[in-house]
Every structure is written in structure tokens, then in C-alpha cells.
1. Classify region B:12-135: rounded, prolate or oblate, from the alpha-carbon gyration tensor (a ≥ b ≥ c, eigenvalue square roots; a/c under 1.5 rounded; otherwise prolate if a/b is larger than b/c)?
2. Exactly which trypsin sites (Lys or Arg not before Pro) in region A:47-109 are in a DSSP loop and have at most 15 other Cβ atoms within 10 Å?
3. Rounding to the nearest 10 and keeping the result within 0 to 90°, find how far the Cα-based axis of helix A:39-48 lies from the longest principal axis of chain A.
4. Please give me, ordered by residue number, the GluC sites (Glu not before Pro) of region A:11-102 that lie in loop per DSSP and have at most 12 other Cβ atoms within 10 Å.
5. Run through region B:3-53 and list the trypsin sites (Lys or Arg not before Pro) located in a DSSP loop whose Cβ has at most 12 other Cβ atoms within 10 Å.
6. Let me know the charge dipole size of chain B about its Cα centre in debye, to the nearest 20, where only the beta-carbon of Lys, Arg (+1) and Asp, Glu (-1) is charged.
7. Would you work out which of B:9, B:106, B:32 lies farthest towards the positive end of the dipole of region B:3-132? Charges go on Cβ: Lys and Arg +1, Asp and Glu -1.
8. Which ³J(HN,Hα) values in Hz, rounded to whole numbers, follow from the phi angles of region B:7-21 under the Karplus curve 6.51 cos²θ - 1.76 cosθ + 1.60, where θ = phi - 60° and Gly and Pro get x?
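Coordinate-derived values only; no laboratory data. Computed from a prediction, not measured in an experiment: that's the story for all the values here. Don't worry about glycine lacking a Cβ; one is built from the backbone with ideal geometry, like all the others, and counts go over all protein chains shown.
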Number of protein chains: 2
Amino acid sequence: MSIKAKWLNKVKWDEHGLVPVIAQEVGSNDVLMFAWMNREALSRTVELGEAVYWSRSRKKLWHKGEESGHIQKVHEIRLDCDEDVVLLKVEQADRIACHTGRHSCFFQKFEGDKDTGEWVAVEPVLKDPDSIYTK
Amino acid sequence: MSIKAKWLNKVKWDEHGLVPVIAQEVGSNDVLMFAWMNREALSRTVELGEAVYWSRSRKKLWHKGEESGHIQKVHEIRLDCDEDVVLLKVEQADRIACHTGRHSCFFQKFEGDKDTGEWVAVEPVLKDPDSIYTK
């Protein structure tokens, strides 16, 4: 079974058997999103060449784009110095990674100071979420 | 107290009172490292304009660069759509973020397939760690 492969043992899985994953766009280097993987998700990602995460809320494998069509073609996989964080370099279908219809999930920018600060949405919605998630 | 500021309440802190943080280099957009913050760390980061993390191993605030000199000047702070991940855009002192003396912590690249895969260090050491951490 590939989920017992040696390279998967090098990853330091947390107490829930998960590792944090950052998805970064090839070319722009924009950080698109952050999610989690278990062993099977990472193995499937390598096998498919497309990002497969572990959905902590739904408690199941989540092939990114399975509903929205916004799949992530994986160009490169990196592991950090502590071997407990994964970085994916991906080609993002439609350049929309966020469920709000935005390019990146990191669209809220901090403005102000430590007392008066607020988070302001500064990136445009590229596609109406209602038209992304049609049943 | 600024750690009670309203903007800090918008962040969804996990069961340990922490939020995952991605540090990205301004300009290159390279992902440098991944760490954690608690309320105080995020508040201090805003106040100082330099990255202050929460060290889970040492269980204390960690002003990045306090020993190495490799501080991170914060240009921008972003929050994701679920409000549970922070992205910092930083200017990295000496362009060295990793304790191994490399530019980025994500220097290990996956090569091979799901059965034969391995992680290969593909980025150069820019500075000998022994000369970074001198007492």
C-alpha cells in the first residue's frame, strides 16, 4: 500500500494524523489557500497530480475542485525543515481557489493599529459563488 | 488591553488559542516559513511591525530573529476566508528565514512517484547555522 511508503514516514503527522498544507500558485507565487492532509490525501495527491486534502469539517478526503471544478494541478511538493508542513505549487483552474469566488482565500487585509485595527476585504470576487456551486 | 481588541476577536483561534501563520516574502512572493501565533503574538506583531510568533516547543513568545538577527519586517497582514489562518507579507533580514541558514524553510522537494518518492534538499545553505546562532 502506497500510504505506507517510506517518504510518507518522513512527514511528522500531528496527533490527528494530519499535516498543514499551503497551496501556492506557480508563476505568480500567490498563496492561494491553506488546508490539511492525512497520509492518504498526500499519497493521492502524488498519484493524481492534483491536490487532495483532508476535510476536517466533513471528515473525508476532499479532491479540491470536485464540486467547483477549481482543481489544482500540482507542479511541485515541498516539505519544510521540521518536516511538519507541506507546500504545494499548483496551477489553479480558473485562477479561483476560494469558495467565495476569489483568486486567493487571503483576501482580508489588516488595516489600522493594534487598538483600532480591522480586516478589510480587498480582493475582487471573480465569479459568483452561486454559479460555482450549482447542484 | 490591546489583546482584547475587536479585530483579534474576528480570528478563529483553535482549541489551544493559536492560529497558523504563513510568512511570505514581499517582492519574490516566496513562502519563507510557517509558524503559530496566539492573541498576544499577533497583537505584538502589529505593534512592533515585526513578526512575533508563539513557540509551541518553548511555550513562549518568539520574536523572530531575536537570536539570529533574521527579523521579519511586516508589510501586510492577511486573514483567510474562514478567518482561521494568517498570512504575513514580510521583508526578511538577510533573506534567511530558516534556522538551517537557507532562504526558505521549504527546501525539501518531493521527487519520484507515490511508491518510490523521496524528499531531496534542493536549496543552498546561505549561511552556516553555527555562525548564525553564536552565544
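1. It comes out oblate by the Cα gyration axes.
2. When the trypsin sites (Lys or Arg not before Pro) of region A:47-109 are filtered for loop state and at most 15 Cβ neighbours within 10 Å, A:56, A:58, A:59 remain.
3. Relative to chain A, helix A:39-48 is tipped by roughly 80 degrees.
4. Those that pass, being in a loop and sparsely packed, are A:15, A:66.
5. For trypsin sites (Lys or Arg not before Pro) across region B:3-53 that sit outside H, G, I, E and B with at most 12 neighbouring Cβ atoms in 10 Å, the list reads B:12.
6. Numbers: 20 positive and 23 negative charges, 140 e Å.
So the dipole magnitude of chain B works out to roughly 680 debye.
7. B:9
8. With coefficients 6.51, -1.76 and 1.60, one gets 5, 6, 6, 6, 6, 8, 5, 6, 5, 9, x, 10, 9, x, 10 Hz.
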